[in-house]
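Beneath this line is the structure, given in structure tokens, with notes to follow.
The values are calculated or read from the model by the stated rules, or taken from the named source; none is laboratory data. Since the structure is predicted, the reported quantities are computational estimates derived from the model, not experimental observations. We place every Cβ from the backbone using ideal geometry, glycine too, and count neighbours over all the protein chains shown.
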Amino acid sequence: MGSPKTKSALDRLGLDIRSSRLRRGMAISDLAARSGASPSTLTRLERGEAGVAVGTLVDVLVVLGLADKLGELFDVRNDNLGLALAEERLPRRGRTFAAIARRQKAASRKQADPSGLSQADQGASKAVGVVDPDGVAF
């Protein structure tokens, strides 16, 4: 197991699951039958042991009607550190849609033809001599 904080969090989680089960008047054997886990696994979960599978935890939360709380736990809108780091990486200025489209066209042309020109563009450039980035010949 990791740190003392990990043990403390697992202990708290186990106690909360046990409290939820008892408030619903469920015996461990009933919860085991409904969640598909063994009673000994659920006892280990309620004790806060780290070796219990996450899938078992989710099965228990579904039976207890608390599965939506798991989704709230990892809600990215509540990740203050992650949001701050992402904001630091934002570009200083925005890009126009046209600039983004030109960049995507150039990348797709390079993948299709290493010379950078499509067959239509190559024919137009031979016939006229000038091709703009959007593929229109003058």
Exercise. Which condition breaks for R93 when tested against (1) part of a loop (DSSP other than H, G, I, E, B); (2) touching a Lys or Arg at 6+ places or on another chain (Cβ under 8 Å)?
Worked result: (2)
Problem set entry | Unique residue being hydrophobic (A, V, I, L, M, F, W, C), surrounded by 12 or more Cβ atoms within 10 Å (Cβ to Cβ), touching a residue at least 40 places away in the same chain (Cβ under 8 Å) and part of a helix (DSSP H, G or I) when the list is L10, L42, L31 | L10
For this session: Kindly indicate whether R77 is basic (K, R) and either out of contact with any helix residue (DSSP H, G or I) (no Cβ under 6 Å at 6 or more places or on another chain) or in a loop (DSSP other than H, G, I, E, B) (or both).
Result: yes
Exercise. Of the residues S3, S20, which single one is among the hydroxyl-bearing types (S, T, Y), within 23 Å of F74 (Cα to Cα) and under 26 Å from the mean Cα position of the chain (by Cα)?
Worked result: S3
Seminar exercise, completed: Picked from region 65-74 (must be part of a loop (DSSP other than H, G, I, E, B) and at pLDDT 85 or above), the residue farthest from L13 (Cα to Cα) is G65
For this session: Select, from A86, A107, A120, A98, the only residue that is in a helix (DSSP H, G or I), at pLDDT below 80 and farther than 30 Å from M26 by Cα.
Result: A120
Exercise. Somewhere in region 45-55, is a residue assigned to a helix (DSSP H, G or I) and over 14 Å from L10 (Cα atoms)?
Worked result: yes
Seminar exercise, completed: Within region 14-28, the residues that are without any contact (Cβ under 8 Å) to a residue 12 or more places away in the chain and loosely packed, with under 13 Cβ neighbours inside 10 Å are S19, L22, R23, G25, A27
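Each row is one residue, and each column tells you yes or no for (1) at pLDDT 95 or above; (2) out of contact with any Leu (no Cβ under 9 Å at 6 or more places or on another chain).
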{"position": "M1", "(1), (2)": "no, no"}
{"position": "T6", "(1), (2)": "no, yes"}
{"position": "L13", "(1), (2)": "no, no"}
{"position": "L22", "(1), (2)": "yes, yes"}
{"position": "A32", "(1), (2)": "yes, no"}
{"position": "A50", "(1), (2)": "no, no"}
{"position": "V63", "(1), (2)": "yes, no"}
